[in-house]
1. Using Cα-Cα distances under 8 Å and only pairs 6 or more residues apart, what relative contact order does region A:1-114 have, in percent?
2. Between copies, how close do the B:His15 label points come, placed 7 Å along Cα→Cβ, listed in nm from shortest?
3. Give me, ordered by chain and number, the residues 5 or more places off B:Asp25 or on other chains with an amide H under 5 Å from its own placed amide H.
4. Express in nm, to one decimal, how much length is gained between A:Asp247 and A:Ala192 on full extension, taking 0.36 nm for each residue of separation and deducting their alpha carbon distance.
5. Could you pull the copy-to-copy label distances for B:Gly202, with points set 7 Å along Cα to Cβ, in nm to one decimal and sorted shortest first?
6. Points 7 angstrom from Cα along the Cβ direction at A:Glu13 and A:Ala159: gap in nanometres?
7. Tell me, what is the percent relative contact order of chain B, built from C-alpha pairs under 8 Å that lie six or more residues apart?
8. Once label points are set 7 Å from the Cα along Cα→Cβ at both A:Arg42 and A:Asp5, what is their separation, rounded to one decimal in nm?
Protein chains: 2
Amino acid sequence: MTFLDSVIARQRETHSMLCVGLDPDPGRFPEGYGDDAEAILRFNQMVIDATAGYACCVKPQHAHYAARRAEAALEGTIEYAHSKGLPVLLDVKRADIGSTAEYYAAEAFDRYGADAATVNPYLGQDALAPFLDRSDRGIVVLCRTSNPGGADLQHLQLAEGGTLFEHVARLASTQWNAAGNVLLLVGATRPAELRRVREIVGGMGLLLAGVGAQGADVRAMMEAGKGGGLIINSSRGVTYPDFTTGDPATLVADAARKTRDEINQYL
Amino acid sequence: MTFLDSVIARQRETHSMLCVGLDPDPGRFPEGYGDDAEAILRFNQMVIDATAGYACCVKPQHAHYAARRAEAALEGTIEYAHSKGLPVLLDVKRADIGSTAEYYAAEAFDRYGADAATVNPYLGQDALAPFLDRSDRGIVVLCRTSNPGGADLQHLQLAEGGTLFEHVARLASTQWNAAGNVLLLVGATRPAELRRVREIVGGMGLLLAGVGAQGADVRAMMEAGKGGGLIINSSRGVTYPDFTTGDPATLVADAARKTRDEINQYL
């Protein structure tokens, strides 16, 4: 069973394509949580409990833990998500030359036990091989990121025709995908580029980032992404409702359910 | 004083352009070191003591620590290097969208206290802004990496002319370098590309990776890289001599001195 298979199985159970991004920011936690590694784990456990019924996976983003010396909270979060049956996509955006990439793959998959990880294509196939070779894990290649500056390189026109992000979509869906475990990350905020990627990669799994706080148009995104597996991430939009207005777990659960339902409207 | 300034000051003191890469691999440590975080720190302290007189900086590579749950050894290594007056370049190859990149910059510069960090250009300028804005730290942008697969994307011909890595060299040396703190990473194994990058960026600082274990031709590299600041990294070639043949510290010091002297031959 590939990563995408396990996510799709969970999508059927929860009727949800929503991936909940776990980007802890203690400054936005409800009153009284604190701000150390234990507070981060406690907050994430609350979010996981509140959203497990409305999510197909969770996506912790490594920097939010590393900046706070809270690797233990990341380990605990992944373990807790697994105990609730949630596949875990670790957002690390790694890449390095082969002998070092081995260690990055070990970090994501052996140390943290993630089911999938995000990787950056700039160093090419041999740099990603230690990830791509892990056929039991999902490898999510950055293609067209949700930030405006993504265009700086990703929209460059190539002499052979097409743009750099289209070239990445083509490589990742063919040569790089020998083990059938590759997905692509595309910004949900960019429906035109998303449509183009879908045309190139056929039914391949896509991770769409930027719903919620980054303001993606859900209808346009769903229209552009149709035709294959979709995992739709929302981080801050789900995990940081206005906590002054009620019970934190209820507010987070409501935000997750609403996001799921908004997505399902356009199925 | 920029990162490059502090490195150049140290280059004058030690008559050395050598950056010692600290990529701990307990399987290659001398007999009896052990393999936990304390062993890693002890090994690095031995290497730092042995090479401080022949090095202009050190470059720990994050994955080697993260894969082993040894972040504490990385913190201790950086602190120890600083106590010996060595600037520290943390090799992390990070990039993420802006709000997350803030946390990666905080990881490298605030948590670990590194003087410089490596970053990946694929996500564009806004993703690097939290790094580029730190004018007191050095930002080393990946341009043409030393691995063969680097060509997959970096050698793509652009419709506007030139290759992707040349485009990155141009962006990084102009728009991205408002604070004057940017350097570029170029594989020492690729003299033709190195020459091209030097033509584009003028006297900008370059980090050359791949001397030693990766087999760069030092003469060709020095000829191609001349005309501006150079930092020349060797990792395994310096830190893993055949430890069965003598005193570990002496062997490491010899390897560093020989590498320095080989480089200086072509000045």
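1. Values: 139 pairs, mean separation 30.9, N = 114.
Averaging sequence separation for qualifying contacts and normalising by length gives 27 percent for region A:1-114.
2. So the label point of B:His15 gives 7.8 nm to the other copies.
3. Sorted by chain and number, the residues that satisfy this come to none at all.
4. That pair, A:Asp247 and A:Ala192, stretches by 15.9 nm at full extension.
5. 5.1
6. For A:Glu13 paired with A:Ala159, the spin-label model returns 5.2 nm.
7. It rounds to 20 percent for chain B.
8. 4.0 nm
Throughout, read-outs are computed from the coordinates displayed, never taken from laboratory work. Note that the coordinates shown come from a computational prediction; the quantities given were computed from them, not determined experimentally. Please note: Cβ atoms are built from the backbone with ideal geometry, for glycine as well, and neighbour counts cover all protein chains shown.
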